[in-house]
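The values are calculated or read from the model by the stated rules, or taken from the named source; none is laboratory data. Because the structure is a prediction, the values reported are computed rather than measured. Heads up, the Cβs are rebuilt from the backbone with ideal geometry, glycines too, and the neighbour counts pull from every protein chain shown. The area values use the complete protein model at the heavy-atom level, side chains included, leaving out ligands, DNA and RNA. Shrake-Rupley method; radii C 1.70, N 1.55, O 1.52, S 1.80 Å.
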Amino acid sequence: MRVAIIGAGVAGLASARRCLENDFEPIVYERSKGVGGTWVYDERTGIDEFGLPIHTSMYQNLMTNLPKELMDFPDFPYTGLDNVSYLKSCQVQEYIEQFAEHFGLNKHIRFCSLVTSVEKLTNNWEVTVEDLKTKTSKTEYYNAVMVCNGHNALPFTPDIPGNNDFDGIQIHSHSYRIPEHFTNLNVLIIGSGPSGVDICSDVSKIANQVYFSHHKPELIEKDFPKNVIHKPDVEHFSKKSVSFKDKTEQTLDAIIYCTGYKITLPFLKPSCGINVLNDKLITPLYKNIINMNNPTMGFIGYLNLTFVFRIFDLQVRYYLEFLRKNSSSRLDCMIKTMTPVSTHFLGENMLNYCKSLLLDKIKVEPIPPVYFEIYNGCHKLKDKYYRSYHSSVVRIIDNDDYVMEFDAENAKNK
């Protein structure tokens with residue numbers, strides 16, 4: 001079976017590895033020059049050398065908010081990092097490159113290749129790809145398509161009254177790279193997801209004042225740097241200031257929107273049978289994986305609030321087993337029993353989601369329980385020791401147990 005895989009980030013590489021193990025023939029299309037997807041650090045913002053928007057959102061000082069023990073592929077551990085769990089982004093990128101090399105994936109990847117069209121034909125898929133170096137296009141045909149190009153590339157910026165009148169710097173977190181651009185400035189951070197919280201702390205090291213606009217009361221209790229002031233939602237902007245909904249006004253030099261991303265799949269033609277609702281939901285997907293209108297198309301990695309590497313790998317194993325065990329006629333019959341998902345967010349439903357893949361007729365090996373225990377334990381530690389949890393070290397004992405080493409006495413915050 002020939003399988004087209006779109007994207008060579010974590011999801012695409014996991015897909016290629018498992019395809020090879022199942023004796024499928026994967027071809028991976030990657031628009032950049034290397035593997036890693038969003039983990040690639042690129043100091044550039046805006047447009048790349050091919051005239052395309054820079055894909056990655058990685059910034060220089062990012063530290064992972066999950067330990068490496070939750071950021072590895074099965075049967076391929078990190079090496080030389082036994083006494084550290086939270087990593088710099090470059091360490092994760094190096095690991096991803098080592099993974100691709102170890103499993104011989106690079107020879108199956110066509111770099112600088114932009115997928116411009118995917119069409120469903122009667123019995124197969126037509127995939128058209130532009131070679132970005134030669135500016136030539138080529139069309140190829142596949143038995144299945146796995147969409148793995150991620151959903152953190154097209155920024156969503158809210159339309160707030162007066163934002164077009166504001167005279168200072170305005171960027172989305174997608175274009176944030178280093179804090180030095182905000183030296184001695186008064187900076188507003190809008191949004192309190194992982195990037196908002198992290199960038200707020202990063203910028204505060206060098207900014208004059210940071211206003212952190214959000215509506216999460218629990219964050220106010222955290223030990224943020226002294227020059228961070230928590231504020232409610234923005235009412236409107238003027239030329240050099242911002243007014244908040246608590247009726248206060250502050251002089252402002254820069255705004256960083258940490259407000260998430262839109263899902264975009266411009267290469268999928270109507271024949272694919274996929275819609276994106278409100279830029280947020282790919283539908284109709286069964287188990288957040290299977291295209292219910294054309295089940296030989298799968299989506300890997302379109303999940304939020306989860307640990308990525310092993311759950312993406314579980315999705316891949318589930319989908320390939322689904323393809324392996326079902327003929328075209330059976331696939332069409334199975335669609336009638338499928339129910340589409342209504343969200344890509346897992347969060348507290350993560351364990352139930354993974355169990356649902358195991359309870360199905362498609363049998364795959366489960367993720368060991370210890371990983372879910374680590375995930376919960378790390379979140380509890382982070383809630384209690386917000387500014388020092390990165391110093392903790394996780395050690396896995398077996399599939400059920402782990403220990404976490406953390407010096408609470410010397411923790412910087414309480």
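Within region 398-408, the presence of a residue that is within 24 Å of the chain's Cα centre (by Cα) and either open to solvent by 90 Å² or more (accessible area, probe 1.4 Å) or among the polar types (S, T, N, Q) (or both) is excluded.
Quickly run through region 373-397 and pick out the residues that are over 21 Å from Pro225 (Cβ atoms) and not in a loop (DSSP other than H, G, I, E, B). Full working, then the answer.
Just the residues of region 373-397 that are over 21 Å from Pro225 (Cβ atoms), to begin with: 373-380, 393-397.
Once the filter is applied, which keeps residues that are over 21 Å from Pro225 (Cβ atoms) and not in a loop (DSSP other than H, G, I, E, B), region 373-397 yields Glu373, Ile374, Tyr375, Asn376, Gly377, Cys378, His379, Lys380, Val393, Val394, Arg395, Ile396.
Does region 4-12 contain at least one residue that is crowded, with 16+ Cβ neighbours inside 10 Å and more than 18 Å from the chain's Cα centre (by Cα)? Checked region 4-12: at least one residue is crowded, with 16+ Cβ neighbours inside 10 Å and more than 18 Å from the chain's Cα centre (by Cα). Here Leu265 fits the description: in contact with a strand residue (DSSP E or B) (Cβ under 7 Å, 6 or more places away or on another chain) and at pLDDT 95 or above. Asp75 meets the conditions (1) closer than 30 Å to Asn143 by Cβ; (2) touching a strand residue (DSSP E or B) at 6+ places or on another chain (Cβ under 9 Å); (3) of a type in the set (Asp, Glu) in every case but one. The failed one is (2).
Taken residue by residue, region 4-22 has at least one member that is in a loop (DSSP other than H, G, I, E, B), on the phi > 0 side of the Ramachandran plot and touching a Cys at 6+ places or on another chain (Cβ under 6 Å).
If you go through region 345-364 and keep only what is of a type in the set (Asp, Glu) and assigned to a loop (DSSP other than H, G, I, E, B), you end up with just Asp360. Apart from one condition, Ser173 fits all of (1) surrounded by fewer than 18 Cβ atoms within 10 Å (Cβ to Cβ); (2) under 25 Å from Lys33 (Cα atoms); the exception is (1). Between Tyr141, Tyr95, the distinction of being touching a Leu at 6+ places or on another chain (Cβ under 9 Å), under 30 Å from His390 (Cβ atoms) and not polar (S, T, N, Q) belongs to Tyr95 only. So is Arg395 touching a strand residue (DSSP E or B) at 6+ places or on another chain (Cβ under 7 Å) and farther than 17 Å from Pro74 by Cβ or not? For Arg395, the condition - touching a strand residue (DSSP E or B) at 6+ places or on another chain (Cβ under 7 Å) and farther than 17 Å from Pro74 by Cβ - is met. If the condition is being buried (at least 20 other Cβ atoms within 10 Å of the Cβ) and touching a strand residue (DSSP E or B) at 6+ places or on another chain (Cβ under 7 Å), then region 305-321 contributes Phe309, Asp313, Tyr319. Looking across region 341-350 at every residue that is of a type outside the set (Asp, Glu) and open to solvent by 70 Å² or more (accessible area, probe 1.4 Å), the one that is farthest from Leu277 (Cα to Cα) is identified as Asn349.
Would you kindly identify the strands (runs of 3 or more DSSP E) lying entirely within region 216-304 that contain at least 2 residues that are open to solvent by 40 Å² or more (accessible area, probe 1.4 Å)?
Working: elements: 228-231, 234-237, 241-244, 249-251, 254-257, 275-277, 281-283, 297-299.
Counting at least 2 such residues, we get 228-231, 234-237, 249-251, 275-277.
Assess whether Tyr386 counts as being modelled with pLDDT under 95 and of a type outside the set (Lys, Arg).
Numbers: modelled with pLDDT under 95: yes; of a type outside the set (Lys, Arg): yes.
Yes.
From the residues in region 181-215 that are assigned to a strand (DSSP E or B) and out of contact with any Lys or Arg (no Cβ under 7 Å at 6 or more places or on another chain), which one is farthest from Gln170 (Cα to Cα)? Here the residue is Gln209.
Tell me which residues, restricted to region 176-203, are crowded, with 17+ Cβ neighbours inside 10 Å and either free of Cβ contacts under 8 Å to residues at least 12 places away in the same chain or polar (S, T, N, Q) (or both). Even if it seems obvious, please write down each step before you answer.
Within region 176-203, the first condition is being crowded, with 17+ Cβ neighbours inside 10 Å, and the residues that meet it are 176-177, 179, 182, 185-192, 195-203.
Across region 176-203, the qualifying residues are Asn186, Ser192, Ser195, Ser201.
When restricted to residues that are exposed (fewer than 14 other Cβ atoms within 10 Å of the Cβ) and out of contact with any Lys or Arg (no Cβ under 9 Å at 6 or more places or on another chain), region 364-394 contains 4. Only one of the numbered conditions (1) out of contact with any Lys or Arg (no Cβ under 8 Å at 6 or more places or on another chain); (2) within 20 Å of Phe111 (Cβ to Cβ) is not met by Glu30, and that is (1).
Yes/no matrix, rows are residues, columns are (1) in a helix (DSSP H, G or I); (2) at pLDDT below 90; (3) over 20 Å from Asn65 (Cβ atoms):
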| site | (1), (2), (3) |
| --- | --- |
| Leu323 | yes, no, yes |
| Cys333 | yes, yes, yes |
| Thr343 | no, no, yes |
| Pro366 | no, no, yes |
| Asn399 | no, no, yes |
| Met404 | no, no, no |
| Glu409 | no, yes, yes |
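Do any strands (runs of 3 or more DSSP E) lying entirely in region 47-161 carry at least 3 residues that are open to solvent by less than 40 Å² (accessible area, probe 1.4 Å), in contact with a Phe, Trp or Tyr (Cβ under 9 Å, 6 or more places away or on another chain) and in contact (Cβ under 8 Å) with a residue 40 or more places away in the chain, and which ones are they?
Working: elements: 113-120, 125-131, 136-142, 144-147.
Those strands (runs of 3 or more DSSP E) span 113-120, 125-131, 144-147.
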